[in-house]
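The values are calculated or read from the model by the stated rules, or taken from the named source; none is laboratory data. Just so it is clear, the structure is predicted and the values come from calculations on it, not from any experiment. Methodologically, a virtual Cβ is constructed for each residue, glycine included, from the backbone with ideal geometry; neighbour enumeration extends over all protein chains shown.
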Amino acid sequence: MEEQGMGSTALGAAICRLIEQYQPRQTRLFDDPVVRHLVGVPIGLMMQFGPVRYFTIKRTDSIAKGIYGEQVCRTRFIDDTVRAALSEGVEQLVILGAGFDTRPYRLLGLKPIRTFEVDLPAVQSKKKSRIQSLFGRLPEHVAFVPVDFRRQTVEGALAQVSFAPSKPSVFVWQGVTQYLSEEAVKQTLSFVGKTALGSKVVLTYVLKNVIERRSDIPGANKIMDAVSKRSPWMFGLEPSRIREYLGSFHLELRADVGKEHYEEEYLKPLRRHLPVFEGERTALALVTPF
């Protein structure tokens, strides 16, 4: 049941990315020509119809206003981060809790970069089948690494494949940390902090006061009620302590962004009015010397 819950969240995020592809090109936050092949035929067909897309966004935002906006804006920020890392000579991409992430197949320049998709076996099985159907084979530059963050370590899983800790890497950890125990988060960040200097990690996190039901953000308690029925959220961080927290793992905070950044950098230049949920943020950190 837990894996089904995780799979449904991965699908939900993918559907948001698919809906974004129907925005006019001049106001679209990112291009993702692959995602429609991963969500499955019935959903892909339904999302061709504007009223269905409108209903899906409204239903998503009925839980907490701005969930859709936060999903697509964080995707844009992480895309920009990965592209920047590639231009700086990063040699490996590790996607932690990959779900239906399509970055290894759509971002220019990724093909020669060794990529590791780390996720639950059940989620990976469905994705691999659809990727193989789309491309005729599984791309050689991508390794699928099965792991359950709650019971296994990322370090142990990557040790079984061709991941090289001595090479600069960019780690993407999107929409995952809130589902884990604090110990599981610490184990993963500790491993990332021991990889090559110049490696980066970009991760999303839910505000701790949302997790603890102390937030006055509209819809915060409602979303906690909703996720408790599938895969409860357990872990959160406070923005005021994120630098100190990451620093304890030899990770230097370079950016910590949310609603305000997304509006100024992405939405206003496009003259696009899109609500963005304030209860989740995205942090970028760099591996520093011990």
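A few remarks follow.
- The numbered conditions (1) in a loop (DSSP other than H, G, I, E, B); (2) free of Cβ contacts under 8 Å to residues at least 12 places away in the same chain are all true for Leu110 except (2).
- Members of region 222-257 that are surrounded by fewer than 17 Cβ atoms within 10 Å (Cβ to Cβ), among the polar types (S, T, N, Q) and at pLDDT below 95: Ser228
- Residue in region 191-204 that is part of a helix (DSSP H, G or I) and at pLDDT 95 or above present: yes
- Checking each residue in region 12-58 for being more than 17 Å from the chain's Cα centre (by Cα), under 20 Å from Ala226 (Cβ atoms) and of a type outside the set (A, V, I, L, M, F, W, C) picks out Thr56, Lys58.
- The residue pairs whose first member lies in region 185-210 and is free of Cβ contacts under 8 Å to residues at least 12 places away in the same chain and surrounded by fewer than 21 Cβ atoms within 10 Å (Cβ to Cβ), whose second member is hydrophobic (A, V, I, L, M, F, W, C) and assigned to a strand (DSSP E or B), and whose beta carbons are closer than 7 Å, counting only pairs six or more residues apart or on different chains, do not exist in this structure.
- Screening Gly89 with (1) at pLDDT 95 or above; (2) surrounded by fewer than 21 Cβ atoms within 10 Å (Cβ to Cβ) gives one miss only, at (1).
- Look at region 262-290: where a residue is at pLDDT below 95 and a partner is of a type outside the set (A, V, I, L, M, F, W, C), sitting 6+ places away or on another chain with Cβ atoms under 9 Å, you get Thr288/Gly193; Thr288/Gly247; Thr288/His250; Thr288/Glu252; Pro289/His250; Phe290/Gly193; Phe290/Lys194; Phe290/His250.
- Test for Ile19: is it touching a helix residue (DSSP H, G or I) at 6+ places or on another chain (Cβ under 8 Å) and in contact (Cβ under 8 Å) with a residue 40 or more places away in the chain: yes
- The set of residues in region 76-89 being within 15 Å of Ala13 (Cβ to Cβ) and either free of Cβ contacts under 8 Å to residues at least 60 places away in the same chain or more than 14 Å from the chain's Cα centre (by Cα) (or both) consists of Asp79 alone.
- For region 18-68, a tally of residues being surrounded by 14 or more Cβ atoms within 10 Å (Cβ to Cβ) and among the aromatic types (Phe, Trp, Tyr) returns 2.
- Verdict on Thr75 being polar (S, T, N, Q), out of contact with any helix residue (DSSP H, G or I) (no Cβ under 9 Å at 6 or more places or on another chain), at pLDDT 95 or above and within 22 Å of Val206 (Cβ to Cβ): no
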